[in-house]
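The values are calculated or read from the model by the stated rules, or taken from the named source; none is laboratory data. Source: prediction; values computed, not measured. Every residue, glycine as well, gets a Cβ built from its backbone with ideal geometry; the counts of neighbours run over all protein chains shown.
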Amino acid sequence: MGFLNWTSPIEPQARLMDNVDGRPGHLLGWDIPPEELVHVPEHWLLYPEVDKSLHLLLGMVYVFFFLAAIIGNGLVLWIFSSAKSLRTASNMFVVNLAFCDFIMMLKSPIVIYNSFYHGFATGYSGCRIFGVMGTLSGIGAGATNACIAYDRYTTITRPFDGKITRTKAMVMIAFVWIYTTPWMVLPAFEIWGRYVPEGFLTTCTFDYLTRTFDIRLFVASIFTFSYVLPMSMIIYFYSQIVSKVFSHEKALREQAKKMNVESLRANQQQQNESAELRIAKAALTVCFMFVASWTPYAVLALIGAFGDQSLLTPTVSMIPACTCKLVACIDPFIYAISHPRYRVELQKRLPWLAIKENDTQSTATETASSSTPATATT
């Protein structure tokens, strides 16, 4: 299934259908002029026009996403960049991830405008801008998450010589953007792949519906390099962290048993969770956030390129589009919960938020948690 062949003039008004009650209705994209309609995959043009209420609902959802992500990630960028206590090599990855999330939601006005005008209102120019920003932020966030996992892995497994320096962190971040850029440039200039509207025709992504060898190869490649590869790295590094911590805790318990003491840890609070459980929860959170946000889109693209396209209705396709945006809203609030020093800086700069964080205790907690992935969670 490919693009409609507009070799002869076709009036948009001709794209009519009969409703169940016999009254005339419209197919999706009926009001798009031919010069813009040529960019829309034929698959979406076979469905009835989406109800205006669904357009408005999607627009309001994106308004919420936009406000939550811009405010939350804006605070993260501001605090982590301006506070000297947070200018560490590890936190450079946090800043880069927040920047990716910020870019992801900065494109929201395009889909909001399209939704309130019930369709492809910004045209193909807006579609390409939306696709470019989505590719940069999405693949950039995945690669940054992999860097965060590697940073936590080296810090925990090699605490004396494995800590990443600021120079190395800058090189890794530069590599993230070098790695991401080709996947944005190629479809933007239609060298390989292309950006097309999807679903309600209010959002855009790379073409995963055209059944040609080039498009299928592009989908398989971007699936491998932007999803499978970072996912594999995240799972490997965090599984190694959990294994290391479990082994360390087991050795401590065995040594304590030999010495006939309850624990070798000083000032250990019995009410607290065991270290291995906290590490396991943090690792699972990181993996779950990435899986939950991007797996639906990965599955959607694979079905479009290689599976039964009849499963991909306009409404179904909008669900993955929302899940990958939701994570950009959740990220900064996870920082606020899990990063004590960030909470302290927020408390200093924005006291009206009524954040209660003890500076001395947070410093001790931050030092103790430097060997856990919680401070760099997605």
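Go through the stretch 138-169 residue by residue and tally those that are closer than 23 Å to Pro187 by Cβ, among the polar types (S, T, N, Q) and in contact (Cβ under 8 Å) with a residue 60 or more places away in the chain.
Matching residues across the stretch 138-169 total 1.
Looking at Val94, Val111, which is the one that is within 30 Å of Ile241 (Cβ to Cβ), crowded, with 19+ Cβ neighbours inside 10 Å and touching a residue at least 40 places away in the same chain (Cβ under 8 Å)?
Val94
Restricting attention to the stretch 33-76, which residues are under 17 Å from the mean Cα position of the chain (by Cα) and over 14 Å from Met105 (Cα atoms)?
Scanning the stretch 33-76 gives a single hit, Val76.
Out of Tyr153, Tyr124, which single residue is aromatic (Phe, Trp, Tyr), over 20 Å from Phe225 (Cα atoms) and over 23 Å from the mean Cα position of the chain (by Cα)?
When all the criteria are applied, what remains is Tyr124.
Checking Phe80 against (1) at pLDDT 95 or above; (2) surrounded by 20 or more Cβ atoms within 10 Å (Cβ to Cβ); (3) aromatic (Phe, Trp, Tyr), only one condition comes out false. Which one?
Only one criterion is unmet by Phe80, namely (1).
Inside the stretch 301-316, can you point out the residues that are in contact (Cβ under 8 Å) with a residue 60 or more places away in the chain and more than 20 Å from the chain's Cα centre (by Cα)?
Answer for the stretch 301-316, where residues must be in contact (Cβ under 8 Å) with a residue 60 or more places away in the chain and more than 20 Å from the chain's Cα centre (by Cα): Gly304, Ala305, Phe306, Gln309, Leu312, Thr313, Pro314, Thr315.
Within the stretch 88-100, does at least one residue satisfy the condition of being closer than 18 Å to Pro314 by Cβ, of a type outside the set (Lys, Arg) and at pLDDT 90 or above?
Checked the stretch 88-100: no residue is closer than 18 Å to Pro314 by Cβ, of a type outside the set (Lys, Arg) and at pLDDT 90 or above.
Could you please find all residues in the stretch 159-183 being under 14 Å from Ser90 (Cβ atoms) and either among the charged types (D, E, K, R) or touching an Asp or Glu at 6+ places or on another chain (Cβ under 8 Å) (or both)?
If the condition is that a residue be under 14 Å from Ser90 (Cβ atoms) and either among the charged types (D, E, K, R) or touching an Asp or Glu at 6+ places or on another chain (Cβ under 8 Å) (or both), then Lys163, Ile164, Arg166, Lys168, Ala169 are the ones that fit.
Would you confirm whether or not the stretch 289-308 contains a residue that is of a type in the set (Asp, Glu) and in a loop (DSSP other than H, G, I, E, B)?
yes
Quick check on my filter: what residues within the stretch 92-123 are among the hydroxyl-bearing types (Ser, Thr, Tyr) and touching a helix residue (DSSP H, G or I) at 6+ places or on another chain (Cβ under 6 Å)?
Residues of the stretch 92-123 among the hydroxyl-bearing types (Ser, Thr, Tyr): 108, 113, 115, 117, 122.
Result: Ser108, Ser115, Thr122.
Would you mind listing the helices (runs of 4 or more DSSP H) fully within the stretch 45-122 where at least 1 residues are farther than 18 Å from Thr144 by Cβ? Explain how you work it out, then say what you get.
On the way: elements: 52-82, 89-106, 108-116.
Passing ranges, in order: 52-82, 108-116.
Take the stretch 287-325 and flag every residue that is among the charged types (D, E, K, R) and buried (at least 19 other Cβ atoms within 10 Å of the Cβ).
Lys325
For Gly134, only one of the following conditions fails: (1) out of contact with any Cys (no Cβ under 9 Å at 6 or more places or on another chain); (2) closer than 30 Å to Asp51 by Cβ; (3) assigned to a helix (DSSP H, G or I); (4) touching a residue at least 40 places away in the same chain (Cβ under 8 Å). What is its number?
(1)
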